[in-house]
Amino acid sequence: MDRARRRPVAVLGEGSLSRVLDLIGTACRLGLAAVWIGSGWVKAADPAQTVAAVRAYDVLPSGLVGPVAGALPLLELALGLLVLIGIGQRLTGVLSAVLLVVYIAGVAQSWARGLTIDCGCFGGGGRVTAAQTHYPQEILRDIGFVVLAGWLVVRPRSWWSVDGWLRRGRQDGRRQQVDAGPSPRPSVGRT
Amino acid sequence: MSGGRASRTRTKRQGKSAAAAKAVAAARGGRRDLSKIVVAVVVVVVVAAAVIGGVLFEQHKANVAAQTVIPARTVAGSAKYPVSIEKDATVLVGRPTAKITVDAYEDFECPICREFESQYFTSVERQLEAGTVQVRYHMLNLLDQSSVPAGYSSLSANMALAVATVAPDKFMDFHYSLYQKQPEENGPGWTQAQLLSLADRLGVRGTRFHQLVTGRTYYRQIQTNLDNASTNKALFQPSSNGSSGFGTPTIVADGTVVNWQSDTTWLADLVKTRYPE
């Protein structure tokens with residue numbers, strides 16, 4: 001009826017399917033945030049190990065290893081925070097997916113080249129880092145994370161998100177406008 | 001029919017208010033796009049700030065490290081025995097009459113080498129002064145890539161060899177100082193300026209010294225020594241992942257690789273054997 005015609009389109013989605021999809025979106029978002037915050041935290045806690053890890057990929061020119069190893073922990077933490085509060089979910093989903101694809105490419109080329117992490121510095125049973133042999137598992141795990149990010153790109157809706165708060169604000173604004181409506185014109189007799 | 005006309009009118013009014021609402025919404029649509037733009041800008045700014053902040057912080061750490069003054073440590077007894085640089089860019093210290101020769105394959109960036117030096121320096125020094133042992137230092141660049149930027153191993157080894165060339169009596173001081181204050185592994189290595197400052201405070205200076213340093217005179221020989229050691233099966237030791245290979249430190253006493261981490265009396269035993277009372 002009148003109210004139905006005037007209801008803004010965006011309020012659609014109060015059905016149970018949409019609720020389930022929002023739940024999945026929330027789970028993806030929180031999972032992805034946990035991944036970035038956890039990974040960034042570990043990197044930030046051991047900068048020397050991060051440098052060694054970046055160098056192990058043997059793909060960057062030597063001059064870039066330091067800056068990249070310096071930037072990665074903060075980048076992951078920042079991304080994790082943005083994903084956690086759910087602001088710009090589609091954009092952060094895209095950025096997350098891009099970064100993950102870069103990681104996957106790095107691991108894949110390490111695997112293809114048969115690289116191992118080996119500091120070569122030891123003394124009769126001292127510290128040699130074991131060869132990195134978990135390439136397939138790492139790639140699969142990262143692909144899983146890409147799926148989480150991809151969901152947010154396709155359907156950037158979840159509960160308790162800044163995006164949702166902003167969207168509700170806009171909808172309320174529009175609904176108020178529509179309800180207020182233009183002042184009724186006397187139209188009796190006009191055709 | 002009034003009912004029909006009324007309902008048509010109502011419909012018309014609904015149509016007009018719907019159209020009006022759309023017009024208002026279109027004007028409001030500017031705000032929707034604006035908030036989306038603001039969100040996108042916030043995300044991009046936060047991410048960019050994180051990346052820039054990370055890079056700047058890393059540079060700041062490197063700057064702080066570059067200001068460290070490497071303390072100049074002296075080895076008091078080193079005047080008691082000769083020190084000479086050999087043609088293959090190794091440094092032989094100790095009296096030639098010594099019956100025992102120890103070959104020490106080391107890298108200035110290597111933390112385990114530092115452990116070896118701090119654990120055995122006193123006993124080695126005592127034997128050097130007593131004239132029972134000669135030590136040949138093979139300073140290698142195995143861990144060139146472990147410093148950020150790469151190259152500290154070559155830089156320090158080259159300068160140590162330069163010291164051994166122009167001021168052999170200061171070599172042990174320089175060698176000891178660098179192990180007493182080692183740069184962080186996978187971090188910024190000491191710069192050429194910092195190493196030159198250390199040499200200067202030890203009394204090593206002059207044009208010839210600077211030429212040897214800036215000309216990287218021993219770089220190629222250092223690399224050759226590394227290549228030879230890496231392929232010398234007699235120097236291989238087992239590593240924790242099962243395979244065996246060359247690494248630093250490798251300590252060889254009279255031809256056999258010493259397991260100095262488990263056999264803490266290797267030197268005393270060797271001296272006792274070769275110099276029975």
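The values are calculated or read from the model by the stated rules, or taken from the named source; none is laboratory data. On a predicted model such as this, the values are computed, not experimentally measured, just so you know. Here the Cβ positions follow ideal geometry from the backbone for every residue, glycine too, while neighbour counts run over all protein chains shown. Just so you know, the surface numbers come from the protein's heavy atoms only, side chains and all, with ligands and any DNA or RNA stripped out. Shrake-Rupley method; radii C 1.70, N 1.55, O 1.52, S 1.80 Å.
Observations, loosely collected:
- Scan of the range B:178-200 for residues that are within 11 Å of chain A (Cβ to nearest Cβ) and among the polar types (S, T, N, Q), ordered by number: B:Asn186
- Listed by first and then second residue, the pairs with beta-carbon distance under 6 Å, at least 6 apart or on different chains, first residue in the range A:9-31 and at pLDDT below 95, second part of a helix (DSSP H, G or I), are A:Ala10/A:Gln171.
- Scanning the range B:84-115 for residues that are part of a loop (DSSP other than H, G, I, E, B), open to solvent by less than 10 Å² (accessible area, probe 1.4 Å) and not aliphatic (A, V, I, L, M) turns up B:Thr90, B:Gly94, B:Asp107, B:Phe108, B:Glu109, B:Cys110.
- Residue identified as open to solvent by 10 Å² or more (accessible area, probe 1.4 Å), at pLDDT below 95 and either farther than 20 Å from B:Arg73 by Cα or assigned to a helix (DSSP H, G or I) (or both) among B:Gln134, B:Gln145: B:Gln145
- The range B:57-83, subset of a type in the set (Lys, Arg) and in a helix (DSSP H, G or I), residue surrounded by the fewest Cβ atoms within 10 Å (Cβ to Cβ): B:Lys80
- Evaluation of A:Leu74 against the conditions (1) in contact (Cβ under 8 Å) with a residue 12 or more places away in the chain; (2) open to solvent by less than 40 Å² (accessible area, probe 1.4 Å); (3) facing chain B (nearest Cβ under 8 Å) shows that the sole unmet condition is (2).
- Lone qualifier among A:Trp151, A:Trp160 - being assigned to a helix (DSSP H, G or I), open to solvent by 50 Å² or more (accessible area, probe 1.4 Å), modelled with pLDDT of 90 or more and touching a Gly at 6+ places or on another chain (Cβ under 8 Å): A:Trp151
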